[in-house]
Every structure is written in C-alpha cells, then in structure tokens.
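Worksheet for the structure shown next.
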Amino acid sequence: MGYQDASGRRLSYASYLHLSELLAAQDGLTKAHDELLFIVVHQVYELWFKVLIHELDAVREAIETEDLRAARHYLNRVKVIEALLVEQVGVLETMAPQDFLTFRSELAPASGFQSAQFREIEFMSGLKDAGYVKALNGDATDRTRLERRLKEPTLLDAYDALLRRRGVTVKDVYSQRDRHADLLDLSEALLDHDEGFRLWRIRHVEMVERQIGDKPGTGGSTGVRYLQSTLGKRFFPELWEVRSQL
C-alpha cells in the first residue's frame, strides 16, 4: 500500500501510521510475559479516548449550531466505541491474578486514576471536578488541557441551552414526542453515551476486583472500593429522572 500526500511525497503504510514509533512505545519495567499485554491494552484505551474527545467536541459544536443530525451521527460513533471499550476489558481478564502480580508492584505510583483523557471525557460530558487536576503530578500539558475544559461549556451545557432556545423542558421532549422528534432522538443519543460510559465503569470494576480483590490501587486509592463509588455518576441526570415523571 503506497500513496502520496498533497506535496507529492511518497508514503507507505508504515510511514503514514508512524509504526516504527508506535511499536517502539511498549517498553515494560519487567520481563513478565503479561506486561506487554497490559501496556498495549491501556495504550489502546488512550487512543480510543483521543477519538472520543474528538467526536464529543464535534457533538458539542453540532448542538450549538443546531445541526442535530450531525450530533446524532457523532454520538452513534461514540456509542460503538464505548461498546468496544467494554469488550476490550475481557482481554485484560485473560491475565491470571498471579501473573499480574508479577509486575504490578513496579507500576506504583502510576495509576489509571491519572489518565488526563479519561478526566477530559468526564469534564466535557458534564462531570467537572477541579480536584482531579491535582492528581496529574505536575504534568503541565495535561493540567492545562483539563483547566481549559473546566472553563468550557459541557455537552450538558450545550443541551440545556438548546432546550432553552426551543422553549421546552426535558419532560416536554419526552411527553410530546411527535412535536420534538429531533430533540428526542438527540436526548436518547446522549443517554446512550451516558449509559455506554457507565457500562465501561462497571465492567472495569469487575475486572479490577477479579485481578486484585480489595487491595489498594497502585496510585494510593482504595482500589475497587473507590471505583465502586464512581458507579453512580451520570452525565445527564435529567435524562434519567424524566423516566420517573412520565
């Protein structure tokens, strides 16, 4: 596979995808067999997080400009990616707990808790918490990105502003479906994102408990107990509450 860029430069599959750099980025800390798997799975998570951030930015812009067809299209892609994230947890579960323990102690104090892109998705969707910025251990680039997200409108902000412009409430959207079909479709697509991310949280908790039981996290958290405490988080609580009002 070969092709040229706009300047006429000849490219190859490997050079276009920067494969030499990509495949050289899995250096582990031990000789444990399963450490390569652990690194690759988490790197892939971060790549998919990057795509989710790209898509969610496009969703917010589309809602702000009232291009709701485009917003639903991007949200459908988000839904599919989040389902893929859930499936990917099963790959980590092919590690026996004893095999993970052969290199886990070397990971401290690094922790998934410090994933800036994970927090960025939360902030963008409507769950802002300035306290998480402190967990980045002085990484100026990541801290700047999250501080910017703290100041920006969220998807929830964009959705609420759209309803105000239309002069309707969430209950109106659901109780008068024929009059607000485009808003209903958008609301359900946002709910898909909320549910998809929560399903990933649930699946991730189960995997962690299967691997380490109730041991503390490598970053100093309470491990599974901390993760379980996050399961009640909702990006769009009104979209859940309206079910009880119909």
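The values are calculated or read from the model by the stated rules, or taken from the named source; none is laboratory data. Source: prediction; values computed, not measured. No Cβ is skipped: glycine too gets one built from the backbone with ideal geometry, and neighbour counts run over all protein chains shown.
Is there a residue in segment 111-126 that is surrounded by fewer than 14 Cβ atoms within 10 Å (Cβ to Cβ) and either aromatic (F, W, Y) or part of a loop (DSSP other than H, G, I, E, B) (or both)?
Within segment 111-126, none of the residues are surrounded by fewer than 14 Cβ atoms within 10 Å (Cβ to Cβ) and either aromatic (F, W, Y) or part of a loop (DSSP other than H, G, I, E, B) (or both).
Within segment 224-236, does at least one residue satisfy the condition of being modelled with pLDDT of 95 or more, in contact with a helix residue (DSSP H, G or I) (Cβ under 9 Å, 6 or more places away or on another chain) and within 25 Å of I81 (Cα to Cα)? Yes; the residues of segment 224-236 include at least one that is modelled with pLDDT of 95 or more, in contact with a helix residue (DSSP H, G or I) (Cβ under 9 Å, 6 or more places away or on another chain) and within 25 Å of I81 (Cα to Cα).
One residue stands out in segment 14-33 among those that are assigned to a helix (DSSP H, G or I) and among the polar types (S, T, N, Q): the one that is modelled with the highest pLDDT, namely S20.
Looking at A189, A181, just one residue is crowded, with 17+ Cβ neighbours inside 10 Å and small (G, A, S), and that residue is A189. On inspection, V173 fails the criterion of being closer than 29 Å to Q88 by Cα, among the β-branched types (V, I, T) and either at pLDDT 95 or above or surrounded by 15 or more Cβ atoms within 10 Å (Cβ to Cβ) (or both). Screening A70 with (1) without any contact (Cβ under 8 Å) to a residue 60 or more places away in the chain; (2) more than 19 Å from L183 (Cβ to Cβ); (3) in a helix (DSSP H, G or I) gives one miss only, at (2). Just one of the listed residues (L85, L56, L36, L11) is without any contact (Cβ under 8 Å) to a residue 24 or more places away in the chain and either under 13 Å from the mean Cα position of the chain (by Cα) or not in a strand (DSSP E or B) (or both), and it is L36.
Would segment 145-156 turn up any residue that is more than 25 Å from E195 (Cβ to Cβ), assigned to a helix (DSSP H, G or I), without any contact (Cβ under 8 Å) to a residue 12 or more places away in the chain and of a type in the set (D, E, K, R)? Checked segment 145-156: at least one residue is more than 25 Å from E195 (Cβ to Cβ), assigned to a helix (DSSP H, G or I), without any contact (Cβ under 8 Å) to a residue 12 or more places away in the chain and of a type in the set (D, E, K, R). Within segment 88-100, being touching a residue at least 24 places away in the same chain (Cβ under 8 Å) and either surrounded by 14 or more Cβ atoms within 10 Å (Cβ to Cβ) or aliphatic (A, V, I, L, M) (or both) holds for Q88, V89, V91, L92, M95, D99, F100. Please tell me if L227 is aliphatic (A, V, I, L, M) and touching a residue at least 60 places away in the same chain (Cβ under 8 Å). So L227 does not fit the description; no. All conditions but one from (1) modelled with pLDDT under 90; (2) not in a loop (DSSP other than H, G, I, E, B) apply to V41; the one that does not is (1).
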